[in-house]
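Since the structure comes first, as structure tokens, the remarks are kept for the end.
The values are calculated or read from the model by the stated rules, or taken from the named source; none is laboratory data. Since this is a predicted model, take the numbers as computed values, not measurements. Here the Cβ positions follow ideal geometry from the backbone for every residue, glycine too, while neighbour counts run over all protein chains shown. Ligands, DNA and RNA are excluded from the accessible area calculation, which covers all protein heavy atoms including side chains. Shrake-Rupley method; radii C 1.70, N 1.55, O 1.52, S 1.80 Å.
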Amino acid sequence: MIVSHAHRFIFFAVPKTGTQAVRQALSAHLGADDWQQHALYGQARLPIPALAAKGHGHLSVREVAPRIDRDTWDSYFKFGFVRNPFERFVSAYLFLFRNSQVAEQREPRRIAEGMKAALSRPKFRRRALIVPQSELLTDADGRLALDHLGRHERLQADFDEIAQRLGLPPTALPVRNATEHAHYSRYYDDELEEMVEALYKEDLGSFGYRFERGS
């Protein structure tokens, strides 16, 4: 999460959509009075106690909008990125369990069983890296609350467009916090596909994604 008063923007950091790369690129241009909240590469908290208490930077529109003055919210350029939910879930799961024996072996069928077991736990489904993207980016009425929605599939091109809109110089995005894995479809069977589709029904409908088979 970044709120830049110097460049008049609000960046919503959706987990596993290139967030760390975008944040690093933006951080180089922030002013002394700009705000960040993140936890992975050093701690930074927004000067808003209720948001700082969250302990991570993946804050939602519904959490942030009521706690920022109306003129700032209405006039600042608000943006974030989304990703195919089926791919994003594989990336998030392997990141969360990156030190487990299953993740190390990268055996698709065993990983699929682990993902199904994890999805059966309500507490796991509410983890910051797992909650639906639409839940982070829509207002209380369920409407997308951003001025620009980038996509992980064209991360650099969309970031270039955003940087131009903000008057920032072109920046090659670094590779940060990436999870190595095969094409996401290799980790799915019919049961897992149905479970992930149910969890991310709103994402699939709102952002136009679908399950695709890789080569």
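Among the numbered criteria (1) open to solvent by less than 60 Å² (accessible area, probe 1.4 Å); (2) in a loop (DSSP other than H, G, I, E, B), which single criterion is violated by residue 172?
Of the numbered conditions (1) open to solvent by less than 60 Å² (accessible area, probe 1.4 Å); (2) in a loop (DSSP other than H, G, I, E, B), the odd one out for residue 172 is (1).
So, in the stretch 40-97, of the ones that are of a type in the set (Val, Ile, Thr) and not in a loop (DSSP other than H, G, I, E, B), which residue ends up surrounded by the fewest Cβ atoms within 10 Å (Cβ to Cβ)?
Among residues in the stretch 40-97 that are of a type in the set (Val, Ile, Thr) and not in a loop (DSSP other than H, G, I, E, B), the one surrounded by the fewest Cβ atoms within 10 Å (Cβ to Cβ) is 72.
Is one or more of the residues making up the stretch 119-129 within 29 Å of residue 65 (Cβ to Cβ), more than 14 Å from the chain's Cα centre (by Cα), open to solvent by 20 Å² or more (accessible area, probe 1.4 Å) and modelled with pLDDT under 95?
No - not one qualifying residue is present in the stretch 119-129.
When the residues of the stretch 21-39 are narrowed to those that are among the polar types (S, T, N, Q) and touching a Gly at 6+ places or on another chain (Cβ under 9 Å), which ends up most open to solvent (accessible area, probe 1.4 Å)?
36
Scan the stretch 180-215 for residues that are loosely packed, with under 15 Cβ neighbours inside 10 Å, over 17 Å from residue 91 (Cβ atoms) and not charged (D, E, K, R) and jot them down.
Listed by number, the residues that qualify are 198, 205, 208, 215.
Looking at (1) at pLDDT below 95; (2) open to solvent by less than 40 Å² (accessible area, probe 1.4 Å), can you tell me which one residue 9 breaks?
Condition (1) is where residue 9 drops out.
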